[in-house]
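Here's the structure we're looking at; comments come further down.
The values are calculated or read from the model by the stated rules, or taken from the named source; none is laboratory data. In this text the structure is predicted, and so the values were computed from the model without any measurement. Here the Cβ positions follow ideal geometry from the backbone for every residue, glycine too, while neighbour counts run over all protein chains shown. For accessibility, only protein heavy atoms count, side chains too; no ligands or nucleic acids. Shrake-Rupley method; radii C 1.70, N 1.55, O 1.52, S 1.80 Å.
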Amino acid sequence: MKRIKISFLAILIVLTVLWLAADTLVPIPFTYFSFRTVFVQYSGVIGIGVMSIAMMLALRPRWLEPHLDGLDKTYRLHKWLGITALVVAAVHWWWGQGTKWMVGWGWLEKPAHASEATETLGVVEGWFRSIRGLAESVGEWAFYAVVLLIVLALVRRFPYHLFVRTHKWIAVAYLALVFHSVVLADVGYWAQPVGWLLAVLLAGGFVAALLTLTGRIGAGRKVQGTIAALTDYPALRVLETTLVLEPGWPGHAAGQFAFVTSDRHEGPHPYTIASAWDPGDRRVVFITKALGDHTARLREHSRVGMPVTVEGPYGCFDFRDEQPRQIWIGAGIGITPFVARLQRRAAKPEARAVDLFHPTSEFDQDAIGRLTADAAAADVRLHLLINGKDGRLNGERIREAVPEWRTASIWFCGPPGFGQSLRQDFLAHGLAPEHFHQELFQMR
């Protein structure tokens, strides 16, 4: 989280500093309307700037993953930027539209602009001035669309498949806002660093929007596959799906995930890969739990021989660090990346000591038997805790079970709130922040 927090603040600071180098929030004379003029410009630059970056992050750029600690963190930054764009755009809209309303209500008196009649404009600036009203109208309606689409994306009860279908239409609104921004931005900005940066961001966002609308996100990282086996664990509400991939899959590290499409109307869904990679058989295993409408229907809709599309791999939850010991915590379905790592470790043994904690509220003897066997084969000490029988897992219990915890790194996958609680507990007891790794497996 530290990297994306720094990135988020850096984006806002850079845009602000460059804008302040070109303009000011303290115009002379300082009046309501003079401040409105510069603030609308400032909020416009911030709003379209962060939205442009959010559009580019939506392309799932692999090269950026190591710098932001994985695609899960990249998407969290994408979400923050989207919310920021929404808030800034709302303020921008109010200063623009609200002022017009207050003038109409007689609360404000708009100053005269006598100089406009004699002002000499360049060809481009003159054309922009002539279509200013159109740009304002386009921007206003695009703003309304963005508000609706972003709010829908933030509502967790809004079905995922509808989210996938509607969220891409933000790209259309974004293209309208690019037109709005180019026409209405102060023409003097384009000859200064803030304008140069804005031009780059708009160009990048423009390309990203086109790729989004044409379905080209991740196009170069997709391979076809076929369902080879299905194993159902009814007591856990879990389905294990084994795929055989066609040539083209680059391989994956244990702990990474992929986007899987089994129904083009449903769209791609992210799943953690629960198997080590063997290029000899090209098999990939996914373990999914019935937590939503789509995953609940997988048992009914999936069948052996069904074609699927797999995009990836993504993620930096790869167990790579220099600590002599590791503590793994897979809560519930969060055990999935550790299953893959157990298989990898069994195939290629290593000396590092590992303790795996698996707290779960549901029990299936066959699944637990396989997990126990995998842990034994990988020389990993397994700590199984069944809620209601063994009590809840907390930092104190982990420290009692692993006295050498200070020399360990902790890798957590499970409910975000549980992970955050454990992180705060261990940091309070002296664990370095960089030694607690948590996957933020929420893509909206």
query = Got at least one residue in region 281-301 being under 18 Å from Val223 (Cα atoms) and in a loop (DSSP other than H, G, I, E, B)?
reply = yes
ask   = Looking at region 197-219, which of its residues are touching a helix residue (DSSP H, G or I) at 6+ places or on another chain (Cβ under 8 Å) and within 19 Å of Ile11 (Cα to Cα)?
value = Leu197, Leu198, Ala199, Leu201, Leu202, Gly204, Gly205, Phe206, Ala208
request  = Only residues that are in contact with a helix residue (DSSP H, G or I) (Cβ under 9 Å, 6 or more places away or on another chain), farther than 17 Å from Val207 by Cβ and open to solvent by 30 Å² or more (accessible area, probe 1.4 Å): list them for region 36-57, please.
outcome  = Arg36, Phe39, Val40, Gln41, Tyr42
remark   = Wholly inside region 306-377, strands (runs of 3 or more DSSP E) that include 1 or more residues that are over 22 Å from Phe426 (Cβ atoms) and open to solvent by 40 Å² or more (accessible area, probe 1.4 Å) are 307-314
request  = Output yes when any residue across region 25-35 is open to solvent by less than 50 Å² (accessible area, probe 1.4 Å) and touching a Phe, Trp or Tyr at 6+ places or on another chain (Cβ under 6 Å), and no when none is.
outcome  = no
key: Sole exception among (1) in a strand (DSSP E or B); (2) touching a Lys or Arg at 6+ places or on another chain (Cβ under 8 Å); (3) open to solvent by 10 Å² or more (accessible area, probe 1.4 Å) for Gln224, by number   = (2)
remark   = Expected single match for more than 17 Å from the chain's Cα centre (by Cα), surrounded by 13 or more Cβ atoms within 10 Å (Cβ to Cβ), touching a residue at least 40 places away in the same chain (Cβ under 8 Å) and under 30 Å from Glu140 (Cβ atoms) among Leu175, Leu184, Leu245 is Leu184
Residues of region 326-343 satisfying the condition of being out of contact with any Ser or Thr (no Cβ under 9 Å at 6 or more places or on another chain) and of a type outside the set (Val, Ile, Thr) = Trp328, Phe338, Arg341, Leu342
message = Return the residues of region 246-280 that are of a type in the set (A, V, I, L, M, F, W, C) and assigned to a loop (DSSP other than H, G, I, E, B); say none if nothing qualifies.
response = Trp249, Ala253, Ala254, Ala274, Ala276, Trp277
